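Worksheet: the structure to be examined is printed underneath.
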Amino acid sequence: MITIKRLASSDADFTARLNALLAFEAAQDEAVVQTVATILADVKARGDVAVVEYTRRFDGLGVNSMADLEIPRSALQRALAGLPADQRQALEAAASRVRNYHQRQTLQSWQYDEDGEGDGAGESRGTMLGQKVTPLDRVGLYVPGGKASYPSSVLMNAIPARVAGVGELIMVVPTPAGEHNPLVLAAAALVGVDRVFTIGGAQAVAALAYGTQTVPQVDKIVGPGNAYVAAAKRRVFGVVGIDMVAGPSEILIICDGHTDPDWVAMDLFSQAEHDELAQAILICPDAAYIDRVAASLEALLPTMPRQQVIRAALENRGALIEVRDLDEACHIANRIAPEHLELSLDDPDPWVDKIRHAGAIFIGRYTSESLGDYCAGPNHVLPTSGSARFSSPLGVYDFQKRTSLIRVSRADSKTLGRIAATLAYGEGLPAHARSAEYRVDS
């Protein structure tokens, strides 16, 4: 029997129990932190030699040089050409949809001119202000390897980078015991990854962040990984950019009690099967329906290959929550700010505006979260652990940077100079003030 928590918003201790349910120990394991710090420093100092040594140690590969760890483009193309027809069609269809969605996100450069009357010395142009949008030069993609291989991660990280105009994509993917995933390599070929190295862990993050004799330094590192990868990304932030440090996967379903309970149970399973710390929550105003979902969980769990992981996740951090009405359900959802939020309702559209904090909203009974993971189009790299309150999904804008443009005419420098000088003197920065006043005095 699954021992999943049952909560009711009408209970006196509901808030305390909800807070306990949402609490996630994000503190880093000190042993992991120290190991990562050592690896980063070593790779920074010794480059390729250190990366090869760690790859031998952690992945069990009998390699002698970085040349043994780079997959040539021809091998990527062979992986793509060798896919079964159904897998290739699915991969191409997903890539097309993801690309089509992200093409609508591209930021544009812009500028505007303020009116200027000229200064009598041939200067007739006013002040121009604007923004220049530039893609990053080089991005590193971290893709999990071995049994936990996700070609969808390649699509979701590489495609928005390509749409943004990133010049070069460097992918790292660990291959424990030499285990390659053909779909991952095929996805890399399909999206045009430039170079692929079969390295992983903190040593791969270090190679991307600092550069080695073989691995070029990147401007930003994106992609999921284990605790060592997450700790390494935290530590190199500032040397390079990172996308986010993601926590365990999450799903929250708001249901009116009319959806097939097996559907809801399987949607909860879809995130619980990721790992034992994943969170799956149902919120519903119908107590009898919650009982039916609980029965479906019991009936369907034995059919799941990853049933042990699912059971642990549901018992550790899962919950079935009874609320007074859908308004209260949305209020609690905003408190949770989940990664994935399903509105499994007869008429979901009016409730979308009630949701302020969620990584992605899946609207209607037929919109399962799994469609978003693979092929709907929006990015599946989403904020977790309540960070949807202030963070957004990965997108094209994460691979572009903005540069401010300022051109002040001779005439306008007098007006702006007086304003700047007054404020600078007020801040006790006379050099700032005099710099502006020189243009006024001229």
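Residues of the stretch 392-417 that are small (Gly, Ala, Ser) and surrounded by fewer than 17 Cβ atoms within 10 Å (Cβ to Cβ): SER392, SER404. From the residues in the stretch 352-385 that are assigned to a loop (DSSP other than H, G, I, E, B) and either free of Cβ contacts under 8 Å to residues at least 12 places away in the same chain or not assigned by TED's automatic domain parsing to the domain that holds ILE332 (or both), which one is surrounded by the most Cβ atoms within 10 Å (Cβ to Cβ)? Filtering first and then ranking leaves TYR366. A residue that is under 30 Å from ASN226 (Cα atoms) and either touching a His at 6+ places or on another chain (Cβ under 8 Å) or in a helix (DSSP H, G or I) (or both) cannot be found anywhere in the stretch 322-330. Go through the residues of the stretch 255-266 one by one and say whether even a single one is within 20 Å of SER368 (Cβ to Cβ), in contact with a Leu (Cβ under 7 Å, 6 or more places away or on another chain) and surrounded by fewer than 19 Cβ atoms within 10 Å (Cβ to Cβ). Yes, the conditions are met somewhere in the stretch 255-266. When we screen ALA81, ALA67, ALA50 for residues that are of a type in the set (Gly, Ala, Ser), under 15 Å from ASN181 (Cα atoms) and more than 27 Å from the chain's Cα centre (by Cα), the only hit is ALA81. Screening ALA12, ALA37, ALA31 for residues that are in a helix (DSSP H, G or I) and loosely packed, with under 11 Cβ neighbours inside 10 Å leaves exactly one candidate, ALA31. For the stretch 289-321, what are the residues that are small (Gly, Ala, Ser) and either touching a Lys or Arg at 6+ places or on another chain (Cβ under 9 Å) or surrounded by fewer than 16 Cβ atoms within 10 Å (Cβ to Cβ) (or both)? ALA294, ALA295, ALA299, GLY318, ALA319, listed by residue number.
Note on the stretch 388-409: among residues that are polar (S, T, N, Q) and part of a strand (DSSP E or B), the one that is farthest from the chain's Cα centre (by Cα) is SER404. Residues that are of a type in the set (A, V, I, L, M, F, W, C) and crowded, with 16+ Cβ neighbours inside 10 Å were ranked within the stretch 129-143; the one that is nearest to GLU168 (Cα to Cα) is VAL139.
The values are calculated or read from the model by the stated rules, or taken from the named source; none is laboratory data. Predicted model, so just to flag it, every value in this text is computed and none were measured. When we count neighbours, we look across all protein chains shown, and the Cβ atoms used for this are built from the backbone with ideal geometry, even at glycine.
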